[in-house]
1. Scanning region 94-121 for residues that are closer than 29 Å to residue 34 by Cβ and part of a strand (DSSP E or B), which turns out least open to solvent (accessible area, probe 1.4 Å)?
2. Kindly indicate whether residue 69 is of a type in the set (S, T, N, Q) and either touching a Leu at 6+ places or on another chain (Cβ under 6 Å) or open to solvent by less than 60 Å² (accessible area, probe 1.4 Å) (or both).
3. Assess whether residue 84 counts as being closer than 20 Å to residue 20 by Cβ, touching a helix residue (DSSP H, G or I) at 6+ places or on another chain (Cβ under 6 Å) and open to solvent by less than 50 Å² (accessible area, probe 1.4 Å).
4. Do we have any residue at all in region 87-105 that's without any contact (Cβ under 8 Å) to a residue 60 or more places away in the chain and closer than 21 Å to residue 136 by Cβ?
5. Would you point out the residue of region 1-48, among those that are of a type outside the set (A, V, I, L, M, F, W, C) and within 11 Å of the chain's Cα centre (by Cα), that is surrounded by the most Cβ atoms within 10 Å (Cβ to Cβ)?
6. Among the strands (runs of 3 or more DSSP E) contained in region 1-93, which hold 1 or more residues that are of a type in the set (S, T, N, Q), modelled with pLDDT under 95 and over 23 Å from residue 110 (Cα atoms)?
7. Could you look through region 49-60, keep only residues that are among the hydrophobic types (A, V, I, L, M, F, W, C) and open to solvent by 50 Å² or more (accessible area, probe 1.4 Å), and pick out the one that is farthest from the chain's Cα centre (by Cα)?
Amino acid sequence: SFMLMARFNVALCTFDSLNHMMTLDDLETVFANVFRQLEAKGIFVFDMNLESGFLNRWVQPFNIVDDETAVMVNSHYMPEEKLATAHITAFLKNEDDEIYRRTDVTLEQRAYSIHEVFETLAAVGFIHLEGKIRFLFHITV
């Protein structure tokens with residue numbers, strides 16, 4: 001948890017960053033921290049992959065190659081666990097000696113249902129009983 005001295009009119013979280021929260025408790029903590037830092041009429045703008053997004057796009061490897069880099073991504077989604085994993089190998093050209101250096105990274109993401117996301121937003125105050133909504137949500141399908 002965190003507390004900043006300032007409050008904000010808008011909070012922005014992009015590139016499916018919230019899918020890196022591996023439990024609903026983690027997701028709720030993020031939502032609560034963002035809610036606490038917003039002005040009374042502040043808006044939270046974010047995007048997330050839902051399960052359909054993982055099923056559609058995390059099914060086959062892909063590569064990116066240009067003069068400076070070579071990146072190989074092997075991603076897969078396990079529906080029974082709602083867990084997506086991407087194994088990334090990158091060769092990046094060093095500007096000083098023009099030698100390519102290898103970097104390996106593994107990323108994990110969790111799929112949440114729209115119901116879980118809305119319920120968690122409501123639990124921390126983003127959805128009021130009178131139906132006022134204080135967030136904008138982009139769903140990737």
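1. Among those residues, the one meeting the criterion is 109.
2. Taking the combined requirement at face value, the residue satisfies it.
3. Yes.
4. No: zero hits.
5. Applying the filter and picking the extreme gives 19.
6. Where strands (runs of 3 or more DSSP E) fall fully within region 1-93 and carry at least 1 residues being of a type in the set (S, T, N, Q), modelled with pLDDT under 95 and over 23 Å from residue 110 (Cα atoms), they are 8-13, 69-78.
7. Among those that are among the hydrophobic types (A, V, I, L, M, F, W, C) and open to solvent by 50 Å² or more (accessible area, probe 1.4 Å), it is 59.
Residue by residue, here is whether (1) small (Gly, Ala, Ser); (2) without any contact (Cβ under 8 Å) to a residue 60 or more places away in the chain; (3) in contact with a strand residue (DSSP E or B) (Cβ under 8 Å, 6 or more places away or on another chain) holds:
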position	(1), (2), (3)
18	no, yes, yes
21	no, no, yes
29	no, yes, no
34	no, yes, yes
48	no, no, yes
53	yes, no, yes
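The values are calculated or read from the model by the stated rules, or taken from the named source; none is laboratory data. Everything numeric here is computed off the predicted structure, so don't read it as measured data. All Cβ positions, glycine included, derive from the backbone under ideal geometry; neighbour counts span all protein chains shown. Only protein heavy atoms, including side chains, enter the accessible area calculation; ligands, DNA and RNA are left aside. Shrake-Rupley method; radii C 1.70, N 1.55, O 1.52, S 1.80 Å.
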